[in-house]
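Undergrad: Got a structure for you, questions after.
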């Protein structure tokens, strides 16, 4: 069994033409006895564009403790500076409720969110390709195991047939030996 059509019908119970592209690929690899595993990371070895690299950098920095620390320090510094100016001069550049700070934070969120989403979309695409590859490898492994089970079953059936033949020969020899015994068999004396 080395044709993809026979593999598909026997192991998957579906005609080859009815299989999706990935299952057909797996059937071809099994038929050709070729490996299907590959380094998925190499699929992304193409150089990222400037925008993609920037999105990854912003997402990496925006999701770090350094960013959280700097963000908290900036907020505390802003509030502290306004409080200090209010205490010393009687006025501040952004009085409570800090409308200018809210404007800056809103602008930061408006710019940062889509950039982080772009980076997440790239990572999601990598994850999707990795999951597809995992599916192909797992399906091939499962089908190969089914083929091994078939081979072991065939060997076991052959061995049973051989053992039965050997047993028949042994019984014939035993019967021949039993027929050649001189004299009567001793009677069973139970008392």
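Rule-based calculations on the coordinates, nothing more; no lab input. In this text, all values refer to a predicted model and were calculated from it rather than measured experimentally. As a convention, Cβ positions derive from the backbone with ideal geometry for all residues, glycine included, and neighbour counts pool all protein chains shown.
Undergrad: Zone of residue 159 (label point 7 Å along Cα→Cβ, backbone N under 15 Å): which residues in the range 137-153?
TA: Under 15 Å, as judged by backbone N against the label point of residue 159, lie 149-153 of the range 137-153.
Undergrad: Taking the chain as the reference, fit the longest principal axis to its C-alpha atoms, fit the long axis of helix 65-89 to the helix C-alpha atoms, and give the angle between the two in degrees, 0 to 90, nearest 10.
TA: Tilt relative to the chain: about 20 degrees.
Undergrad: Under 12 Å from the 7 Å Cα→Cβ point of residue 36, by amide nitrogen: which residues of the range 11-25?
TA: Zone members listed by number: 12, 20-25.
Undergrad: Can you sort 96, 135, 16 by how many other beta carbons sit within 10 Å, fewest first?
TA: Ordered by Cβ neighbours within 10 Å, fewest first: 96, 135, 16.
Undergrad: To test your reading of the geometry: what angle, between 0 and 90 degrees and rounded to tens, separates the Cα axis of helix 99-179 from the longest principal axis of the chain?
TA: The helix 99-179 is inclined about 10 degrees to the chain.
Undergrad: May I pose another question? As a footprinting exposure proxy, order 140, 25 by other Cβ within 10 Å, with the fewest listed first.
TA: 25, 140
Undergrad: Same structure again: Highest first, please rank the peptides 29-36, 115-122, 166-173 by the mean number of other Cβ atoms sitting within 10 Å of their residues.
TA: Descending packing order for the listed peptides: 115-122, 29-36, 166-173.
Undergrad: Let me ask something additional. Can you tell me the FRET efficiency between residue 66 and residue 129 if r is taken as the Cβ-Cβ distance and R0 is 35 Å, rounded to the nearest 0.05?
TA: E between residue 66 and residue 129, to the nearest 0.05, is 0.70.
Undergrad: Helix 21-32 versus the longest principal axis of the chain: what is the Cα-based angle in degrees, 0 to 90, to the nearest 10?
TA: With rounding to tens, the tilt is 40 degrees.
Undergrad: Which length gain, in nm to one decimal place, applies between residue 91 and residue 5 when the Cα-Cα distance is subtracted from 0.36 nm times their residue separation?
TA: On the way: separation 86, 0.36 × 86 = 30.96 nm, distance 8.30 nm.
Extra length from residue 91 to residue 5 when fully extended: 22.7 nm.
Undergrad: If r is the Cβ-Cβ distance from residue 121 to residue 17 and R0 is 25 Å, what FRET efficiency results, to the nearest 0.05? Each step should come with its number before you reach the end.
TA: Numbers: r = 34 Å, r/R0 = 1.36.
About 0.15, to the nearest 0.05.
Undergrad: Follow-up question, since we're still on this one. For the range 47-191, just run the numbers: alpha carbon Rg, then divide by 2.2 N^0.38 Å, N being how many residues it has.
TA: 2.89
Undergrad: Continuing with the same structure: State the percent of C-alpha pairs, over all pairs in the range 1-121, separated by a distance greater than 17 angstrom.
TA: So the pairs more than 17 Å apart make up 74 percent of the total in the range 1-121.
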